[in-house]
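We did not get these values from a lab; they are worked out from the coordinates using the rules stated. None of the values given here were measured: they were computed from a predicted structure. We place every Cβ from the backbone using ideal geometry, glycine too, and count neighbours over all the protein chains shown.
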Amino acid sequence: MDGTGDLFEPLKEAMGAHAEIDVVRYSGTEPQGYGELERLVRARLPDAQPFVLLGESFSGPLAISIAAEPPPGLRGLILCCSFARSPKPGLALLRGGLLELSMKLLHAPMMAAPMRHMLLGRFADPRLAAMLQGSLRKVSGAVMTHRMKEVQRVNVVDKLPRVRVPTLYLQAMHDRVVPARAAQVIQRALDGLRIVQLEGPHGLLQTAPAATARAIDNFCRELGHPEPATP
């Protein structure tokens with residue numbers, strides 16, 4: 001949700017130098033909705049080679065929308081700890097000033113431990129904790145508020161039947177943010193979805209980079225080695 005792309009470093013390291021990974025970064029100062037971000041991502045996708053699109057958490061609905069109207073090179077879709085519609089109905093309670101206040105407090109020192117607990121849990125280490133705080137500091141409260149509102153109202157379930165490429169869902173077994181039913185919603189609408197459950201929290205790509213890299217590499221090998229692009 002931070003959109004900085006910095007938190008993909010553990011995965012990039014685990015994938016190794018042979019993997020060509022293009023991370024699409026979002027602005028930390030300009031509030032942009034899913035529609036604007038989809039245009040941004042589409043403009044960055046490869047146009048002369050096959051590729052796999054990976055959408056993590058907030059970016060899953062973007063990846064689904066793109067796969068429903070795919071560019072020529074798209075060969076596969078990976079969703080990690082993500083959703084096709086708002087994963088937590090309770091988020092609707094955070095409206096107006098309460099939502100804005102909570103996003104402002106996100107940058108306060110007292111929120112560092114709760115955020116680390118929610119996103120990384122017992123799998124956190126000093127490096128990951130520092131990376132998380134560093135990435136959040138790069139994103140304004142207004143941008144985070146806007147993205148949270150987008151999550152509250154997103155619903156791309158109707159686009160799932162139009163996704164024709166092989167799709168992999170990486171599910172964290174200790175996710176405190178996105179419940180297991182989010183994957184089930186996608187599976188009901190998307191024939192052939194493969195779900196791989198891995199030990200870890202919501203920040204699965206960060207805390208279990210070796211395991212997620214193996215799952216991604218196996219998936220890409222079956223497709224003929226296209227490399228992932230990650231919004």
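Mean separation of Cα pairs under 8 Å and 6 or more residues apart, divided by the residue count, gives the chain a relative contact order of 34 percent. Over all distinct Cα-Cα pairs of the range 1-43, the Kirkwood formula returns a hydrodynamic radius of 11.8 Å.
Dipole magnitude for the range 123-231: about 380 debye, using +1 per Lys or Arg Cβ and -1 per Asp or Glu Cβ, origin at the Cα centre. Looking at the chain alone, DSSP beta bridges between its own residues are antiparallel in about 5 percent of cases. Using the alpha-carbon atoms, what tilt in degrees (0 to 90, nearest 10) does helix 209-223 show relative to the longest principal axis of the chain? Taking Cα atoms only, the helix is inclined about 30 degrees.
Each principal axis of the Cα atoms in the chain has its own extent, and those three values, largest first, are 47, 36, 31 angstrom. Could you give log10 I(q)/I(0) at q = 0.13, 0.16 Å⁻¹ for the range 139-231, computed by the Debye formula over C-alpha point scatterers of equal weight, without solvent? Treating every Cα as an identical point scatterer, log10 I(q)/I(0) equals -0.56, -0.85. Taken about its Cα centre, the range 6-230 carries a charge dipole of about 640 debye when Lys and Arg each add +1 at the Cβ and Asp and Glu each add -1 at the Cβ.
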